[in-house]
Amino acid sequence: TRKETIMPAYWVARSKINDPVEYKKYTDLVPRIIAKFGGKFIVRGGKTRPLEGGWVPPRVVVLEFPSYEKAEEFYHSDHYKPILAMRLKAGKSKAILVDGHNG
């Protein structure tokens, strides 16, 4: 019997912050919620430079979770919902969830 390996998953977001005060409230609270679901920051802002396609996102965040399921559990949790509302109020975002490499 082949044992299935659980691979990490990555939450990738680009954000444009319009309300830095509201966003600061979010960033003060969200790390402990992310950790509660086994997640950690890989990228949290920082310098970017387009390499292809002219993509120039204002802010990029990458989170790693131990599995796709844990990442979904985090995003849809009652712990995150009120914090998510803060982020959505603070600006505009696009986010995706990506399975880690399993091949």
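The values are calculated or read from the model by the stated rules, or taken from the named source; none is laboratory data. This one's a predicted model, so the numbers in the text were calculated from it and none came from an experiment. Cβ placement follows ideal geometry from the backbone for every residue including glycine, while neighbour counts extend to all protein chains displayed. Heavy atoms of the whole protein, side chains included, go into the accessibility calculation; ligands, DNA and RNA do not. Shrake-Rupley method; radii C 1.70, N 1.55, O 1.52, S 1.80 Å.
A few points about this structure:
- Descending principal axes extents, the chain, alpha-carbon based, whole Å: 53, 37, 16
- DSSP bridge pairs, the chain: antiparallel proportion in percent, nearest 5: 100
- Annotation: extensible slack from Lys25 through Leu51 equals 6.1 nm (criterion: 0.36 nm per residue apart, minus Cα-Cα distance).
- Cα centroid of the range 3-39 to Cα centroid of the range 56-72, whole Å: 6
- Distant alpha-carbon pairs in the range 6-61 (separation over 19 angstrom), percent: 39
- Between the listed residues Pro50, Tyr80, Leu63, the Cα displaced farthest toward the positive end of the dipole of the chain, a dipole computed from Cβ unit charges relative to the Cα centre, is found at Pro50.
- Put a plus charge on the Cβ of each Lys and Arg, a minus charge on the Cβ of each Asp and Glu, and nothing anywhere else: the dipole of the chain about its Cα centre is then about 400 debye.
- Nearest-0.05 FRET efficiency for Met7 and Lys92, computed from C-beta distance (R0 30 Å): 0.50
- Rounded percent of accessible protein surface that carbon and sulfur make up, the range 1-70, 1.4 Å probe: 54
- When only the Cβ of Lys, Arg, Asp and Glu is charged (+1, +1, -1, -1), the dipole of the range 32-71 relative to its Cα centre reaches about 260 debye.
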